[in-house]
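**Q** Could you have a look at this structure, given as structure tokens, before my questions?
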Amino acid sequence: AALEAKPQRLAGRHILVTAGPTHEPIDPVRYIANRSSGRQGFAIAGALAALGARVTLVAGPVTLPTPAGVTRIDVETAREMADAVDRALPVDAAIMVAAVADWHVDAAVQKIKKGDATPTLSLSENPDILATLARSPQRPALLIGFAAETERVVEHATAKRARKDVDWIVANDVSGDVMGGDSNSVHIVTKDGVESWPRQGKDAVAAQLARRVADALEPAQPMR
Ligand code: CTP
Ligand code: CA
């Protein structure tokens, strides 16, 4: 008999991933950004697809190739990311890795000229995409946020998990040069406690997280 391929653990699941920074325009030629490279989120999208999931990746402005088997939607601003996330629903799980700008600028329509008065940037809060999804009637069965912290990492992440009402927070210790770097030191904060993973490459973090997601979506078979 022919060998059967091992069924892929996330086959039939639709999973949303956000990744990268957002850019918030100041005027037509300038923007506010952050140091997110998008690499961890792209690696997670690829690892989920490798386990057979249908993956929608909503990506901020990054120069990374689209991982195999992933449907990518490119956005620029936090508000565009919020709309793209909304259009991707429903999903079985969402992993919000993006470093979403907390504020946007009341942008000038024309380029601000140096000869003008020195500009003052007027900021308004962006929608919290993760918290909105947590309260949505379309809340996924498994909702995961990321938190980049530079100090008291687990403490901040534990508070953030409760505040945003999400299932897990993946707390990322960015006190070194993680943003843009090759490796990540993460703690998985759930309602049951904290799992601290060893510092490892972003692809290894992604593969381990994808397996953890598969475990969570596929509860153990009852003993018989
Ligand atoms: N997030 C989001 N929309 C925002 C801000 C954050 O979806 N407008 C998501 C991020 O993708 C991440 C999680 O929320 O999964 C935590 O982001 P973080 O910036 O750590 O949390 P904030 O609530 O913005 O708190 P602060 O930046 O003050 O630490
Ligand atoms: Ca933030």
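**Q** Could you give the radius of gyration (one decimal) and Dmax (whole number) of the Cα atoms in the range 21-72, in Å?
**A** According to the Cα coordinates of the range 21-72, Rg and Dmax are 13.1, 42 Å.
**Q** Within the range 183-223, list the trypsin sites (Lys or Arg not before Pro) lying in a DSSP loop whose Cβ has at most 11 other Cβ atoms in a 10 Å radius.
**A** Numbers: sites: Lys191, Arg199, Lys202, Arg211, Arg212; in loops: Lys191, Arg199.
In loop regions of the range 183-223 (DSSP not H, G, I, E or B), the sparsely surrounded trypsin sites (Lys or Arg not before Pro) are Lys191.
**Q** Any chance you could list the semi-axes, whole Å, largest first, of the equivalent ellipsoid that the Cα gyration tensor gives for the range 93-205, using √(5λ)? Provide the component values of the computation, followed by the final result.
**A** Details: eigenvalues 203, 79, 30 Å².
Here the semi-axes work out to 32, 20, 12 Å.
**Q** Let me ask something else. About its Cα centre, how strong a charge dipole does the range 56-127 have in debye, to the nearest 20, once Lys and Arg get +1 and Asp and Glu get -1 at the Cβ? Provide the component values of the computation, followed by the final result.
**A** Numbers: 6 positive and 10 negative charges, 67 e Å.
The calculated dipole for the range 56-127 is roughly 320 debye.
**Q** A follow-up question, please. Could you do me a favour and compute the accessible area per residue for the chain, 1.4 Å probe, result in Å²?
**A** Values: 12210 Å² over 224 residues.
Per-residue accessible area for the chain comes out at 55 Å².
**Q** Given a 1.4 Å probe and every protein chain left where it sits, what share in percent of the accessible area of the range 68-131 is carbon and sulfur? Provide the component values of the computation, followed by the final result.
**A** Values: 1890 of 3860 Å².
Here it works out to 49 percent.
**Q** Over the Cα atoms of the chain, Rg to Rh with Kirkwood Rh, two decimal places?
**A** Details: Rg = 18.8 Å, Rh = 18.5 Å.
Taking Rg over the Kirkwood Rh, I get 1.02.
**Q** Under the rule a/c < 1.5 gives rounded, and otherwise a/b versus b/c splits prolate from oblate, where does the range 112-176 land using the Cα gyration tensor? Display every interim value, and only then the final one.
**A** Working: a/c = 3.68, a/b = 1.68, b/c = 2.20.
Oblate, since a/c reaches 1.5 and b/c is not below a/b.
**Q** Oh, and also: Work out Dmax and Rg for the range 1-128 from the C-alpha atoms and quote the Rg first, both in angstrom.
**A** 18.4, 79
The values are calculated or read from the model by the stated rules, or taken from the named source; none is laboratory data. This structure is a prediction, so every number in the text was calculated from the model and none was measured. Using ideal geometry, Cβ is built from the backbone for each residue, glycine included, and neighbour counts are taken over all protein chains shown. SASA here: full protein model, heavy atoms, side chains in, ligands and nucleic acids out. Shrake-Rupley method; radii C 1.70, N 1.55, O 1.52, S 1.80 Å.
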